[in-house]
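Have a look at the structure below before the remarks.
The values are calculated or read from the model by the stated rules, or taken from the named source; none is laboratory data. For clarity, every value in this text was computed on a predicted model and none was experimentally measured. Neighbour counts are summed over all protein chains in view; Cβ atoms, including those assigned to glycine, are modelled from backbone coordinates with ideal geometry. In case anyone asks, the SASA skips ligands and DNA or RNA and just uses the protein heavy atoms, side chains included. Shrake-Rupley method; radii C 1.70, N 1.55, O 1.52, S 1.80 Å.
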Amino acid sequence: MGNIILTGDRPTGRLHIGHYVGSLKERVALQNKGDYDTFYVMIADAQALTDNAENPEKVRNSVIEVMLDYLAVGLDPAKVTFFIQSSVKALPELTAYYMNFVPYSRVVRNPTVKSEIKTKDFGRSVPIGFINYPVSQAADITAFKANLVPVGEDQEPMLEQTREIVRTFNRIYKAEVLKECKAILPDNKACLRLPGTDGNEKMSKSIGNCIYLADDAATIKKKVNSIVTFPREIEAPGILDGNVLFIYLDAFCVDDDFKKFYPEFENLAALKEAYAKGGIGDGRIKQFLFEVLDAELEPIRERRAELAKNPEKLMEILKEGTKKANLAADQTLTEVKQAMGINYFGA
Ligand code: TRP
């Protein structure tokens with residue numbers, strides 16, 4: 001069997017440039033390489049509800065927003081199967097069986113879950129569904145026998161949890177039903193975790209420090225100008241370490257951008273060297289960064305606006321994809337129940 005790729009996002013708002021460099025770009029590259037049998041992209045609405053149970057309309061409205069972002073960046077419904085998590089019933093059933101393999105102490109030790117609990121301010125009322133989402137994510141991945149999962153770096157603990165469940169299941173039930181998966185991360189280190197425009201280590205909707213794929217040029221300009229830099233005289237040596245402007249440039253700019261927007265320098269290495277010596281103000285760097293970002297985001301924004309005229313078409317794509325996803329997940333569920341010996345009435 002060839003590669004099966006699966007990934008997804010929680011629909012809690014529009015996607016931002018952290019999603020873009022951290023995972024979306026990689027997905028488009030994988031899609032175009034074509035080295036897979038099936039490529040699934042899931043809108044993880046059930047997972048989004050684990051910390052938005054009181055906000056179901058936010059989740060519902062974001063489904064279309066996320067679909068628009070997907071197609072705008074170049075994911076192609078002719079190559080990718082898009083589906084909605086909550087409409088695939090095998091997923092919660094698999095989750096229920098997998099929960100028995102995971103000690104409570106193991107889920108609360110998950111570093112991503114731990115840090116999310118801190119930022120989300122649940123207080124003492126962390127929903128069980130939220131604590132359990134890594135287990136449900138294991139169901140998402142294994143239901144489709146996905147072996148490759150293009151995600152952001154913060155999802156690595158979920159994949160580790162998934163592999164543990166796969167090994168435990170296959171060992172206990174002496175089966176080879178479930179497949180192990182690995183993450184596909186971007187090579188460019190700056191893309192792994194893009195900081196927010198406020199310098200916070202993570203770009204996040206809940207912190208409000210994002211540049212969105214749908215932002216217009218004026219908004220991007222305002223956000224880039226709001227990035228706080230180290231105060232210094234223009235002649236003083238520039239500090240590169242931890243400089244958000246340069247982290248964004250590392251993630252986004254290519255040599256060609258210099259020809260177009262900053263011909264005094266040949267590439268980013270040359271600009272960095274000159275900046276470190278002193279004499280280049282942060283205003284100039286912000287202008288360049290804005291031009292680089294806008295050149296990349298403009299076509300995405302335009303495609304997005306075009307696609308937004310016809311939301312019914314996006315729902316149709318999701319409906320078709322969800323049908324296909326159900327067939328694959330039901331098949332795995334049947335195999336799982338057979339392996340467990342709970343297939344009382346045949347299949
Ligand atoms: N946890 C992912 C996120 O927060 C979304 C997700 C749910 C996912 N299930 C998945 C990603 C399965 C990859 C594979 O964005």
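Being surrounded by fewer than 17 Cβ atoms within 10 Å (Cβ to Cβ) and part of a loop (DSSP other than H, G, I, E, B) is the requirement here; does Pro186 meet it?
Numbers: surrounded by fewer than 17 Cβ atoms within 10 Å (Cβ to Cβ): no; part of a loop (DSSP other than H, G, I, E, B): yes.
For Pro186, the condition - surrounded by fewer than 17 Cβ atoms within 10 Å (Cβ to Cβ) and part of a loop (DSSP other than H, G, I, E, B) - is not met.
Could you please find all residues in the stretch 193-228 being in contact with a helix residue (DSSP H, G or I) (Cβ under 6 Å, 6 or more places away or on another chain) and modelled with pLDDT under 90?
Arg193
Looking at Ala90, is it open to solvent by less than 40 Å² (accessible area, probe 1.4 Å), small (Gly, Ala, Ser) and more than 10 Å from the ligand (Cβ to nearest atom)? Let's see the steps before the verdict.
Values: open to solvent by less than 40 Å² (accessible area, probe 1.4 Å): yes; small (Gly, Ala, Ser): yes; more than 10 Å from the ligand (Cβ to nearest atom): yes.
So Ala90 passes the test.
I need the helices (runs of 4 or more DSSP H) fully contained in the stretch 87-177, keeping only those with at least 3 residues that are touching a residue at least 40 places away in the same chain (Cβ under 8 Å). Quick ask: steps written out before the conclusion?
Working: elements: 90-98, 104-108, 111-120, 128-131, 133-142, 156-172.
Where helices (runs of 4 or more DSSP H) fall fully within the stretch 87-177 and carry at least 3 residues being touching a residue at least 40 places away in the same chain (Cβ under 8 Å), they are 90-98, 111-120, 133-142, 156-172.
Yes/no matrix, rows are residues, columns are (1) β-branched (Val, Ile, Thr); (2) surrounded by 20 or more Cβ atoms within 10 Å (Cβ to Cβ); (3) in the same structural domain as Asp51 (by TED's automatic domain parsing); (4) within 13 Å of the ligand (Cβ to nearest atom):
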residue: Leu94; (1), (2), (3), (4): no, yes, yes, yes
residue: Asn100; (1), (2), (3), (4): no, no, yes, no
residue: Ile117; (1), (2), (3), (4): yes, no, yes, no
residue: Asp121; (1), (2), (3), (4): no, no, yes, no
residue: Tyr133; (1), (2), (3), (4): no, yes, yes, yes
residue: Gly152; (1), (2), (3), (4): no, yes, yes, yes
residue: Arg167; (1), (2), (3), (4): no, no, yes, no
residue: Glu176; (1), (2), (3), (4): no, no, yes, no
residue: Glu180; (1), (2), (3), (4): no, no, yes, no
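If you take the residues in the stretch 196-222 that are in contact with a strand residue (DSSP E or B) (Cβ under 9 Å, 6 or more places away or on another chain) and charged (D, E, K, R), which one is most open to solvent (accessible area, probe 1.4 Å)?
Lys205
I want to confirm something. Restricting to the stretch 37-62 and keeping residues that are hydrophobic (A, V, I, L, M, F, W, C) and in a helix (DSSP H, G or I), which single residue is nearest to Thr142 (Cα to Cα)? Spell out the reasoning first.
Let us first name the residues in the stretch 37-62 that are hydrophobic (A, V, I, L, M, F, W, C), namely 39, 41-44, 46, 48-49, 53, 59.
Those left that are additionally in a helix (DSSP H, G or I): 46, 48-49, 59.
Values: Ala46: 16, Ala48: 19, Leu49: 21, Val59: 24 Å.
This residue is Ala46.
Looking only at helices (runs of 4 or more DSSP H) that fall completely inside the stretch 245-347, which ones have 2 or more residues that are open to solvent by less than 20 Å² (accessible area, probe 1.4 Å) and outside the structural domain of His16 (by TED's automatic domain parsing)?
On the way: elements: 255-261, 268-277, 282-307, 311-340.
Per the criteria, 255-261, 268-277, 282-307.
Got a number for residues in the stretch 318-329 being in contact with a helix residue (DSSP H, G or I) (Cβ under 9 Å, 6 or more places away or on another chain), more than 12 Å from Lys145 (Cα to Cα) and touching a residue at least 24 places away in the same chain (Cβ under 8 Å)?
3
Identify the single condition in (1) open to solvent by 60 Å² or more (accessible area, probe 1.4 Å); (2) within 12 Å of the ligand (Cβ to nearest atom); (3) modelled with pLDDT under 95 that Tyr104 does not satisfy, given that it satisfies every other one.
Result: Tyr104 passes all but (2).
Results for (1) away from the ligand (no atom under 12 Å from the Cβ); (2) in contact (Cβ under 8 Å) with a residue 60 or more places away in the chain; (3) surrounded by fewer than 18 Cβ atoms within 10 Å (Cβ to Cβ), shown as yes or no for each residue.
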site	(1), (2), (3)
Val21	yes, yes, no
Ala29	yes, no, yes
Tyr36	yes, yes, no
Tyr40	no, yes, no
Ala44	no, yes, no
Ala48	no, no, no
Glu57	yes, no, yes
Val63	yes, yes, no
Asp69	yes, yes, no
